[in-house]
Every structure is written in structure tokens, then in C-alpha cells.
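In what follows, a single structure is set out as C-alpha cells and then discussed.
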Amino acid sequence: MKDYNNLSEDDGHILVKTARRIVTEYLKNNTKPKLEKEFKNNFSFKSGVFVTLNNTMGLRGCIGYPLPDKSLFDALEDAVISAATKDPRFPPLKHKEMDLITFEVTVLTPPKKIIVSKPEEYLSKIKVGRDGLIVKNGFYSGLLLPQVPVEYGWNEEEFLEYTCEKAGLPKNYWKNPETEIQKFEGIVFKEEEPNGTVIREEL
């Protein structure tokens, strides 16, 4: 059976194009397409996944599941419909926009808590271009995918600061002893242009 460690570029192509097909069908007919048995079998392993939609202006929607609570095929279906229609930062996607949108699927490893004796050690235990981050403190929680700091040119400290901001916390709260920081890795598959070739992004 496939898992995170043996996903191929062909698998990435199938995941991204299936994500596009799910949204196209959902926006056109308000129904979910029937997923092929082979697709379900191939991607039945439990995995976190995020779907990111972009247009020429930038981000158009991004929602996902950080924890491996569902089979990948099931999580992908829910995430891509939510990214297209339920991201509170954007109005729901319209069918006429589909030719302007690029689809990106990030398959995640399970998050692991980073253990440190003092906050400064976080800087050496995370790596931009490899890790995504989750910051938690009380009821506050925020996540940034591995590709985000690469896109913005952040270093490790800036990555920690902006993940705190995403959680609704002050930037320096990664130094707070009550703050928990987790890291995970992700494989990013994306269309180079709307409905175009799918590549595995090297971070």
C-alpha cells in the first residue's frame, strides 16, 4: 500500500487532478463525483492534507486537516470542497473562476511536538524548506505549511513569529514556556498554471 514515503509524481498528478475534478463537479452540480475504487485503494492510508487554491492575485482558499484522522482520499475530498467554498477569508469559488485557479495538494506527516529546554533551541530544531509549524497556547492555535516561509523568504525565527501571528498570538510567544510548538513535513504537488502540468515542488 502507498504511504507518505512512496508517493510518486504520477500519484501527485492524480491527487491534484482529482481535487480539481471534485470541485468542478461540486460547483457545477452541487454534487460530489464518485471516486474510483482504484483511487480509494491507492490513497486509503491515513494522512493529513491541505489544499491550496491560487489565482493571479495570490491565495484564493486554503483548508486542510493537519492530523492523520482520515484516509487520504476522504480527507482530500473534504479539504478541497472546503478550500473552494468555506474559507472564511474569501467568498465561495464560482464555477466560472475554475480556469483561473491553480490547485495545490500538500500531503503531511503527523505533527510532532518539538522538545526543548529553552526557547532559543527551536531555531536549530526547525528547518525552512522542510518543516511546517503548528503553534498552540491555550485556546489559540495556528498552522503554516512548509512552502509558506520559502515563498516569503523567512528565516526560522520569522517563521516562528508568523506562525504565532496565525494563531492570534503576539509574535514573540514562541518564547513563552506555555506555548507548544509542533513540526511536520509535507510533499507539495501543484499545477504550474490553471489546469496545467502538475509538478512536485522542491522547497
- Shape of region 1-119, Cα gyration tensor, a/c cut at 1.5: oblate
- Once both axes come from the Cα atoms, what is the angle between helix 9-29 and the longest principal axis of the chain, in degrees from 0 to 90, rounded to 10? 70
- Neighbourhood charge, 15 Å Cβ-Cβ cut-off, centred on D99 and excluding it, Lys, Arg +1 and Asp, Glu -1: +3
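Please work out how much length the chain gains when fully extended from E25 to I199, using 0.36 nm per residue of separation minus the C-alpha to C-alpha distance, in nm with one decimal. Write down the numbers at each step before the final one.
Working: separation 174, 0.36 × 174 = 62.64 nm, distance 2.33 nm.
Result for the pair: 60.3 nm of gain on full extension.
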- Non-local amide H neighbours of I114 (under 5 Å, H modeled in plane, Pro and chain starts lacking H): which ones? I181, Q182, K183
- Burial ordering of K113, K166, K34, fewest other beta-carbon atoms within 10 Å first: K34, K113, K166
- Item | In degrees, nearest ten, helix 156-166 long axis to first principal axis of the chain (Cα) | 70
- Query: Do you know the relative contact order of the chain, to the nearest whole percent, from alpha carbon pairs under 8 angstrom that are 6+ apart?
  - Reply: 22
- Task: Please report how far the C-alpha centroid of region 7-43 lies from that of region 122-161, rounded to the nearest whole angstrom.
- Result: 29
- Cα-centred dipole magnitude for region 33-138, charges only on beta-carbon of K, R (+1) and D, E (-1), debye, nearest 20: 280
- Could you run the Karplus curve 6.51 cos²θ - 1.76 cosθ + 1.60 with θ = phi - 60° over region 178-189 and give me ³J(HN,Hα) per residue in whole Hz, x for Gly and Pro? 8, 7, 9, 10, 10, 10, 8, 10, x, 9, 9, 10
- Task: Give the relative contact order (percent, whole number) for region 112-185; include only Cα pairs under 8 Å separated by 6+ residues.
- Result: 41
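Given R₀ = 41 Å, FRET efficiency for E158-L35 by Cβ-Cβ distance, to 0.05? Can you show the working numbers first?
Values: r = 39 Å, r/R0 = 0.96.
With a Förster radius of 41 Å, E is 0.55.
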- Message: List the residues, sorted by chain then number, that are 5 or more residues from G61 or on another chain and whose placed amide H is less than 5 Å from its amide H.
- Response: L53
- Task: Measure nothing but the geometry: give the 0 to 90° angle between the long axis through the Cα atoms of 72-85 and the longest principal axis through the Cα atoms of the chain, rounded to 10°.
- Result: 90
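A short reminder: the numbers here are calculations on the coordinates, not readings from a lab. All figures in this text were calculated on a predicted structure; none of them were measured in a lab. Methodologically, a virtual Cβ is constructed for each residue, glycine included, from the backbone with ideal geometry; neighbour enumeration extends over all protein chains shown.
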